[in-house]
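Just so you know, all these numbers are worked out from the coordinates, no wet-lab data involved. The shown structure was predicted, so the numbers you read here are calculated from the model rather than taken from an experiment. Heads up, the Cβs are rebuilt from the backbone with ideal geometry, glycines too, and the neighbour counts pull from every protein chain shown.
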Amino acid sequence: MPDSALVLDLADLTADRIAEVGGKAANLGELIRARFDVPEGFCVTTEAYRLAVRGTLVEDGSATDAAAARAAVLAAPFPDEVAVAVREAYSALGEGPVAVRSSATAEDLPGASFAGQQDTYLNVSGSDDVLDAVQRCWASLWTDRAVAYRAAQGIDGAGVALAVVVQRMVDATSAGVLFTADPVTGRRRQAVLDAALGLGEAVVSGSVDPDHFVVDTASGRILDRRIAGAAVSVTDAQVRALAALGDRVEGAFGAPQDIEWAIDAEGGMRLTQSRPITTLFPVPVRDAPKPPEEIRAYFCISLAQGLHRPITPMGVAAFRVIGAGFLDLIGRRPERIVDGPGGLAVGGDRLFVDATPIARSAAGRAIFPRALDVMEARSAVVLRGLLDDPRFAVVPGSRRRFARAFLHMAGRIRAPFVAVQALADPRAAQRRVRRMEAEVRALDVPSGSIPDRVDGVVDLIFQAMPYAPRSIPGAAVGFGMLGLARRFLRDAARPGDLQTVLRSVPDNVTTEMDLDLWRLAVRSRADAASAEALQTRTARDLADACLGGTLPTVLQSGMVEFLDRYGHRAVAEIDLGMPRWADDPAHLFGVLSGYLRLDADAETPAQHFADGARDATAMMQTLYRRADGPLRARAARFCLRRARALVGMREMPKYLVIIALRRARSVMLEIGRELADAGLLADSGDVFFLDFEETKRVAAGEDLRAQVAERRSRYDAELQRRHVPRVLLSDGTEPEAVGSAVAPEGALRGTPASAGTVTARARVILDPVGAKLEPGEILVAPSTDPGWTPLFLTAGGLVMEMGGANSHGAVVAREYGIPAVVGVPRATESIATGDEVTIDGASGVVTLATNERTRVLGRVAEV
C-alpha cells in the first residue's frame with residue numbers, strides 16, 4: 001500500500017480514525033473487521049484533501065461562498081504525491097471499475113447522517129478518471145446543500161475535511177437500502193427494505209420506484225410487500241436473508257443502521273455502506289428494569305410540561321426527588337429519595353414515565369386521558385389509541401390499588417376540606433394558596449459541607465413537592481364547575497362559548513407576571529433614559545448592566561422589583577439546570593425592547609385583559625338567557641362564577657415548585673463554583689451535568705470531568721432535535737406516527753384553544769430566548785411554558801404542537817384574546833417563518849395560504 005498518510009486500506013480502518021478517513025470509510029472498516037462481506041477498496045485520507053486545498057480560500061474550512069469554494073478546489077492542481085499514492089492503490093486493486101464515494105469527517109455520525117450531501121461516482125475506470133472523481137468528491141464538500149446542512153446542524157465548516165473511498169464495483173443484479181428499524185414509526189427490529197434491479201444508487205437517489213418490503217426481524221415474516229414493476233428485484237428468501245444480515249450489522253454497531261447493499265451475479269450479499277439512523281428517537285431507559293420481553297408505553301412528561309428541549313442530568317435528578325415526594329403522598333415512599341419512582345425513564349435527555357400501569361388500570365384509563373384532554377389533548381388521543389391494544393389490557397384489581405393510593409393522598413392533602421372551602425368561599429381558597437407561597441419561599445438549605453448541602457437541596461425539593469398537590473383542589477373544583485355548567489347549559493353553550501367565559505380570569509400568577517412586565521415597559525417608555533437604553537442597547541448588555549446596578553433609575557428599580565417577585569421563573573423552568581431570570585434577565589430585556597416597538601396608540605395588554613373580562617361577563621349573561629328554564633340558568637350562573645373565581649389558580653402547583661427549585665439551583669451553583677475553584681470541575685455550570693450523588697462523589701475527589709463533557713456534547717446535540725414523541729413504546733414504535741392521518745393539503749388540524757380567526761405572517765420559534773416576534777405575527781412553537789408568555793402580548797395568534805384546551809399556552813392565549821390552536825402535530829415542520837397562516841381558534845383548523853415545500857418522512861437524504 002502506498003504512503004500510509006495519504007491512502008489507507010479499508011481493512012485497516014477503525015471507528016476511532018474518523019478524523020483521518022471520515023465517517024463512511026470508518027464504518028466500512030468496522031464492517032470488514034466484523035467479517036461482513038464488503039467490496040475491497042482503499043481510502044484517500046483527509047491529509048490528502050488538506051494538501052489539495054492548501055493555499056486556496058477553503059484551506060481553513062471557513063469559506064461561506066459555496067460556489068467559489070467549489071471552483072477553488074476544482075481549479076487547484078492535484079498534488080503529485082497524492083496522485084502517485086492513488087494510482088498505486090488503484091493498480092493494486094486491479095484497475096477495474098470502481099465506486100468513488102465521499103467520506104466527510106462530519107458524516108455518518110450518531111447525531112447527523114449527512115446522507116446525500118457529498119458526491120458519489122460509480123463505474124469509474126482508469127487512473128486518470130479515478131483522480132478526476134476524487135477531486136470532484138473533494139469539491140462536493142462545498143456544494144450548496146452540504147454547506148446549508150452543516151449550518152443547520154450547527155457544525156463549524158472550519159473543522160470539516162473530506163476523505164474519499166474507492167471500492168471495487170459490485171456487478172449487481174439488484175441493490176438497494178435496508179433500515180434495520182422502521183424510520184417512520186420508529187419500531188425496532190422491523191426491517192424496511194427498498195430494492196431495485198441493477199445498481200442501488202437509483203434507490204438512494206429516488207430516481208426509481210423500488211420494490212418495498214417490511215420484515216419482522218425476529219420471525220423473518222414479511223409484513224408488507226409492494227412490487228413496483230413486472231420484474232421482482234429480490235426473492236422472499238433474499239428479503240429474509242437481508243433482514244437477518246441487517247440485524248447482525250445492527251448488533252455489531254450497537255444501534256439501528258441505514259445500510260446500502262448489493263447482490264452480485266452469484267447471489268452474494270455485499271455491503272457498501274452502513275451508518276446510524278439518526279432520525280430515530282432513543283428508546284427511554286427506565287430507572288427500574290422492565291420485565292423481559294414485555295412491551296411498555298412511555299409518556300413524555302417533559303412535553304406535557306411544555307418543555308421541548310432536553311433536560312440536564314441535575315434536572316432529571318430533581319424530578320426523581322419530586323417523584324419520590326409523590327410516592328410518599330400515596331403511601332409508597334421509596335427507600336432512597338434520590339432514586340425516585342422506578343417508572344421514570346430518560347430518552348433523548350427528555351423525561352418519560354412508564355404509563356403501562358395507567359393503561360392497564362381501569363381507573364387510570366378513566367382519569368388520565370380526561371386530565372390530558374384539558375392539559376395536552378393530543379397526548380390523550382394517542383393514549384386512547386393504545387387502549388384497544390390487547391398488550392395493554394386492564395389488569396384485575398387495578399381499581400382497588402388506585403383507590404387506596406388516591407384516598408391516602410386525599411387524606412394527606414386534606415382534599416375534601418379544601419374543595420368544600422373553595423366551593424363555599426373562593427377568596428378563602430386564594431388566601432390559602434398565597435400562604436403556601438410564603439411558606440415555600442421560606443424553605444432553605446442549612447450551611448455545611450458540600451455533601452451536607454447537597455442532601456439539604458434534596459430535602460428542600462422533597463419538602464416543597466407536597467405543596468403542589470395541596471394547591472390543586474381549588475382549581476380542580478373550578479374546572480369541575482365548568483364541566484357541570486356545560487351539563488346544565490346543554491346545547492345553549494356553542495363551540496368557543498365556554499372558552500370565552502374563561503378569558504381574563506383573576507388570580508393567575510402567570511398573567512399577573514406578564515401584565516407586571518408590561519407595566520414596567522409603560523413606565524420605561526415614559527422615561528427618556530430608560531426608553532433610549534431599551535431601544536439602543538442589546539439585551540445582553542442591558543442584563544449585565546442590571547446585574548451590576550447601572551441601568552437608568554426607572555428601568556433598574558422596576559426590573560429589580562419585578563425580579564424580586566418573579567426572578568425564580570425562566571424558560572424551561574422545570575429544569576433545575578436552567579438559569580433563572582434572576583440569574584440572567586437578558587430574555588426579559590429582549591421582550592421589553594419588543595414591547596417598545598408597539599405603536600404608542602396600539603391596544604395594550606392591560607386593555608386586552610380588561611376587554612377579555614368584559615367579554616367573559618357578557619358571554620355569561622348570554623348563556624344564562626339561552627339556558628332552558630330559570631333553574632338551569634341559576635345553576636349555570638353559580639357554576640360559571642365559581643369557575644371564573646377558581647380556575648386561575650391552576651398555575652399554582654408548578655409555580656410553588658419552581659420557587660423551591662430557584663433556591664435549590666442557587667445552592668447547587670454555589671457548590672459548582674467551589675468544585676471548579678478546586679479544579680474538580682472545568683466550570684461551575686458543570687455541576688448541572690451531574691446528579692446529586694455524583695456531586696458528592698466529585699467533592700470526595702472522584703474525577704468525572706470526561707463524563708460531564710460527554711453529557712454536555714449529547715445535550716447540545718439534543719437541542720437540535722425537532723421532533724419529540726408524546727408516547728413511545730419500548731420497541732421504539734411511536735404510536736402517533738403509526739396512526740396519524742395525513743391532513744388535507746394546506747390545512748393542519750389540532751385542538752381548539754382560544755376562539756377567534758386571524759390571518760397573519762407566521763414566525764416559527766423553537767427557543768424564546770433572544771427570539772423576536774413582530775407585533776401581530778402568529779407564534780408557531782413546539783410547546784410553551786411561562787417563560788414564553790411575554791411573547792404572547794405581541795402575538796396575533798398561537799399555533800402549538802403540544803397542549804390541550806386548558807394547557808398553559810391555551811389559557812394565556814384566551815386571557816390575552818388571541819386565537820390559538822394547540823396539539824397540532826409537526827406544526828414547526830409544516831409551517832415556515834413567513835408563511836401566511838389563518839387560525840380558526842374555535843374549530844382547531846390552521847390553514848396555510850401557500851406551502852410548496854416538500855417534506856419527506858423516512859430516509860434522510862437532502863438533495
Degrees separating the helix 66-75 axis from the principal Cα axis of the chain, which is the longest one: 10 degrees
Lys/Arg +1, Asp/Glu -1 at C-beta; the chain dipole; positive extreme among G342, F417, A15: F417
Between 0 and 90°, nearest 10: helix 652-677 axis offset from the chain longest Cα axis: 50 degrees
Pairs of Cα atoms farther than 12 Å apart, segment 18-73, %: 71 percent
Sorted by Cβ density within 10 Å, fewest first, the residues R225, R400, R296, R189: R400, R225, R189, R296
For the chain, calculated [θ]222 nm from helices alone, where every DSSP H run of n ≥ 4 adds -39500 (n - 2.57): -14000 deg cm²/dmol
Cα gyration tensor shape of segment 607-705, rounded if a/c is under 1.5, else prolate or oblate by comparing a/b with b/c: prolate
Cβ-placed point charges (K, R +1; D, E -1), dipole of segment 477-651 about Cα centre in debye, nearest 20: 1420 debye
Cα gyration tensor shape for segment 171-280, rounded if a/c is under 1.5, else prolate or oblate: rounded
Other-chain or far-sequence residues with amide H under 5 Å of S754's (modelled H): A820
Cα gyration tensor, segment 460-513 - rounded (a/c under 1.5), prolate or oblate: oblate
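Could you line up S754, S783, S730 from fewest to most neighbouring Cβ atoms inside 10 Å?
In order of increasing Cβ crowding within 10 Å: S730, S783, S754.
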Cleavage-rule hits, trypsin sites (Lys or Arg not before Pro), segment 584-693, DSSP coil, Cβ neighbours within 10 Å at most 16: R597
Size of electric dipole in segment 652-758: Cβ of Lys, Arg +1 and of Asp, Glu -1, about Cα centre, debye, nearest 20: 480 debye
Relative compactness, segment 477-651, computed as alpha-carbon Rg over 2.2 N^0.38 Å: 1.32
Between 0 and 90°, nearest 10: helix 236-253 axis offset from the chain longest Cα axis: 70 degrees
Signed unit charges on C-beta, dipole axis of segment 171-280, positive-most listed residue L199, Q238, G267: Q238
Exposure proxy ranking, count of Cβ atoms within 10 Å, fewest first, for E294, E651, E47, E801: E294, E47, E651, E801
Per residue Cα convex hull volume in Å³ - calculated over segment 228-267: 91 Å³
Furthest towards positive pole of dipole, H568, P446, A633, structure part the chain, Cβ charges: A633
Point-charge dipole on Cβ atoms (K/R +1, D/E -1) for the chain, about Cα centre, debye to 20: 5620 debye
